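Heads up, the thing below is written out as structure tokens.
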Amino acid sequence: MTTPKSSLERAFALLSVFTVDRPAMTLSELSRRSGLPLSTTHRLVAALVELRALTRNPDGGYSVGLRLLELGALSPGSLGLRDRAVPFLEDLYEVTRHNVQLAVRDGLEVVYVERISARDAVNVVTRVGSRMPLHCTGVGLVLLAAAPAAVQEEVLAGPLRRFTERTIVRPAELREVLARVRRDGYAISDRQIELITFSVAAPVRDAAGDVVASVSVVVPTGTRTDTVVPAVRACGLAISRALGWASA
């Protein structure tokens with residue numbers, strides 16, 4: 001990371017060190033991970049707390065504040081899309097009783113913008129706001145298959161991160177999978193993230209017919225795909241129609 005110069009760059013450097021694995025940190029941790037002096041970190045954190053961009057926890061650490069969540073909900077990737085999608089995501093959840101997810105593409109990654117899950121549903125590693133590579137998740141495969149050729153080639157050029165022994169890490173195999181996704185209209189990511197689950201995903205299109213998001217269900221290994229695929233595809237189609245897409 002290059003050394004940030006302006007106050008805005010320094011503030012973003014601080015906020016960027018928070019991750020799913022590190023949702024809370026002390027001042028010294030923020031200083032060390034951002035590369036900023038402790039005095040600068042202290043000053044910026046105080047300002048960010050006042051602006052509700054950071055929250056001070058009872059143990060003295062800091063977490064991302066609700067104001068950032070409020071602003072994130074206004075991003076083009078989620079504004080309108082989430083509002084229109086949620087009723088259909090809830091329907092899909094009622095049918096499957098498993099983890100339902102909605103995601104968009106940001107560069108070479110998937111960003112999850114909504115998730116509905118049951119208390120007894122199989123565990124998943126993603127949550128709202130988290131990111132994953134495009135090549136190994138169901139929603140990622142759908143979004144990558146519809147992405148511009150330049151994006152696909154950049155992903156295929158790798159490296160392709162391996163999560164399990166089932167993760168696709170060979171470019172030639174990934175090309176074949178993407179071709180099948182375009183042909184079939186849905187994707188199955190079989191035990192690529194965890195060996196106990198697989199996901200089924202379908203595209204969500206806007207009024208112009210462009211794929212702008214993907215919806216998926218994550219189910220335990222051994223679940224019959226023919227009980228999940230039709231429901232996921234119907235959900236993707238319903239959200240697309242809500243966004244103005246008229247299928248041929």
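Within segment 190-200, can one find any residue that is in contact with a Pro (Cβ under 9 Å, 6 or more places away or on another chain) and surrounded by 21 or more Cβ atoms within 10 Å (Cβ to Cβ)? Looking through segment 190-200, at least one residue is in contact with a Pro (Cβ under 9 Å, 6 or more places away or on another chain) and surrounded by 21 or more Cβ atoms within 10 Å (Cβ to Cβ).
Number of residues in segment 214-239 that are under 13 Å from F198 (Cβ atoms), in contact with a Gly (Cβ under 9 Å, 6 or more places away or on another chain) and of a type outside the set (V, I, T) equals 1. Annotation: of all residues in segment 201-210 being open to solvent by 40 Å² or more (accessible area, probe 1.4 Å) and either in a loop (DSSP other than H, G, I, E, B) or touching a Lys or Arg at 6+ places or on another chain (Cβ under 8 Å) (or both), the one that is farthest from Y93 (Cα to Cα) is A208.
R119 falls short on exactly one of the conditions (1) out of contact with any strand residue (DSSP E or B) (no Cβ under 9 Å at 6 or more places or on another chain); (2) at pLDDT 90 or above; (3) within 21 Å of T223 (Cα to Cα), and that condition is (2). If you go through segment 152-182 and keep only what is assigned to a loop (DSSP other than H, G, I, E, B), among the basic types (K, R) and surrounded by fewer than 15 Cβ atoms within 10 Å (Cβ to Cβ), you end up with R161, R162, R170.
Open to solvent by less than 40 Å² (accessible area, probe 1.4 Å), in a strand (DSSP E or B), touching a Ser or Thr at 6+ places or on another chain (Cβ under 7 Å) and at pLDDT 90 or above: is that true of V232 in this structure? Judged against the criteria, V232 is not a match.
Checking each residue in segment 139-176 for being of a type in the set (G, A, S) and either touching a Gly at 6+ places or on another chain (Cβ under 8 Å) or under 24 Å from V128 (Cα atoms) (or both) picks out G140, A145, A146, A147. Of all the listed residues (G138, G185), the sole one being touching a residue at least 12 places away in the same chain (Cβ under 8 Å), within 21 Å of L237 (Cβ to Cβ) and surrounded by fewer than 18 Cβ atoms within 10 Å (Cβ to Cβ) is G185. One residue stands out among those in segment 13-45 that are surrounded by fewer than 13 Cβ atoms within 10 Å (Cβ to Cβ) and of a type in the set (A, V, I, L, M, F, W, C): the one that is farthest from G129 (Cα to Cα), which is L38.
Looking across segment 99-122, just one residue is open to solvent by less than 10 Å² (accessible area, probe 1.4 Å), within 8 Å of the chain's Cα centre (by Cα) and among the β-branched types (V, I, T), and that is V110.
For segment 116-151, a residue qualifies if it is farther than 15 Å from V215 by Cα, in a helix (DSSP H, G or I) and in contact with a helix residue (DSSP H, G or I) (Cβ under 9 Å, 6 or more places away or on another chain), and exactly one does: V151. The set of residues in segment 42-55 being basic (K, R) and at pLDDT 90 or above consists of R43 alone.
The values are calculated or read from the model by the stated rules, or taken from the named source; none is laboratory data. This is a predicted model, so every value here is computed, not measured. We place every Cβ from the backbone using ideal geometry, glycine too, and count neighbours over all the protein chains shown. Surface accessibility is based on the protein's heavy atoms, side chains included, excluding ligands, DNA and RNA. Shrake-Rupley method; radii C 1.70, N 1.55, O 1.52, S 1.80 Å.
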